[in-house]
Amino acid sequence: QVQLVESGGGLVQAGGSLRLSCAASGIIFSINIMGWYRQAPGKQRELVATITSSGSTNYGDSVKGRFTISRDNAKNTVYLQMNSLKPEDTAVYYCNADRVLVPGRWRFDTWGQGTQVTVSS
């Protein structure tokens, strides 16, 4: 069984920074793409950033130049450094692993439980 556990959320003032972490646990041989998504109240879940196992990144337009995604493959962990935070960044942030290789099979589309990020103006 694979679990994703996020940490690092909290309350920060506009212009501040936060760093989110997401660690995958279980017997894992590899993870393809890891990413962060967010969902604000009354809105659809949206892409924040993704990163492949080789380090290629993709960002949502609203966070380009402010957020940086990185990962440590040896630790099965993905990070999201968030700088210059704005009130509109307030949301629950979810970690995702698109394909995880475990003994005997691939597991698809695994999500964490989410961590709240609140940016005050």
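The values are calculated or read from the model by the stated rules, or taken from the named source; none is laboratory data. Predicted model, so just to flag it, every value in this text is computed and none were measured. Glycine also receives a Cβ, built like all others from the backbone with ideal geometry; neighbour counts cover every protein chain displayed. We work out accessible area using only protein heavy atoms, side chains counted, and drop any ligands, DNA or RNA first. Shrake-Rupley method; radii C 1.70, N 1.55, O 1.52, S 1.80 Å.
Considering region 1-13 alone, what residues qualify as being out of contact with any Gly (no Cβ under 9 Å at 6 or more places or on another chain) and exposed (fewer than 14 other Cβ atoms within 10 Å of the Cβ)? First the steps, then the outcome.
Residues of region 1-13 that are out of contact with any Gly (no Cβ under 9 Å at 6 or more places or on another chain), as a first pass: 7-8, 10-13.
Passing the criteria: Ser7, Gly10, Leu11, Gln13.
Restricting the search to region 26-55, which residues are open to solvent by 50 Å² or more (accessible area, probe 1.4 Å), in contact with a strand residue (DSSP E or B) (Cβ under 9 Å, 6 or more places away or on another chain) and of a type in the set (S, T, N, Q)?
Gln39, Ser53
Is region 41-61 home to any residue that is assigned to a loop (DSSP other than H, G, I, E, B), of a type outside the set (Val, Ile, Thr), modelled with pLDDT of 95 or more and within 18 Å of Ala14 (Cα to Cα)?
Checked region 41-61: no residue is assigned to a loop (DSSP other than H, G, I, E, B), of a type outside the set (Val, Ile, Thr), modelled with pLDDT of 95 or more and within 18 Å of Ala14 (Cα to Cα).
Only one of (1) of a type in the set (Ser, Thr, Tyr); (2) under 27 Å from Ser120 (Cβ atoms); (3) within 12 Å of the chain's Cα centre (by Cα) fails for Ser17. Which number is that?
If we test Ser17 against (1) of a type in the set (Ser, Thr, Tyr); (2) under 27 Å from Ser120 (Cβ atoms); (3) within 12 Å of the chain's Cα centre (by Cα), just (3) comes out false.
Report yes if some residue within region 80-87 is open to solvent by less than 50 Å² (accessible area, probe 1.4 Å) and within 12 Å of the chain's Cα centre (by Cα); otherwise report no.
Yes, that holds for at least one residue.
When you go through Ala74, Ala23, Ala97 one by one, which is the residue that is under 18 Å from Val2 (Cβ atoms), touching a helix residue (DSSP H, G or I) at 6+ places or on another chain (Cβ under 8 Å) and not in a loop (DSSP other than H, G, I, E, B)?
On the way: Ala74 fails: touching a helix residue (DSSP H, G or I) at 6+ places or on another chain (Cβ under 8 Å); Ala97 fails: touching a helix residue (DSSP H, G or I) at 6+ places or on another chain (Cβ under 8 Å).
When all the criteria are applied, what remains is Ala23.
Which members of region 56-71 meet the condition of being open to solvent by less than 40 Å² (accessible area, probe 1.4 Å) and under 15 Å from Ile31 (Cβ atoms)?
Within region 56-71, just Ile69 meets the criteria.
Go through the residues of region 100-116 one by one and say whether even a single one is of a type in the set (A, V, I, L, M) and either within 15 Å of the chain's Cα centre (by Cα) or on the phi > 0 side of the Ramachandran plot (or both).
No - not one qualifying residue is present in region 100-116.
Taking interchain pairs and intrachain pairs at least six residues apart, which have beta carbon atoms under 8 angstrom, with the first residue in region 36-47 and farther than 13 Å from Ser62 by Cα and the second at pLDDT 95 or above and aromatic (Phe, Trp, Tyr)?
These pairs meet every condition: Trp36/Tyr93; Trp36/Tyr94; Gln39/Tyr94; Arg45/Tyr37; Arg45/Tyr94.
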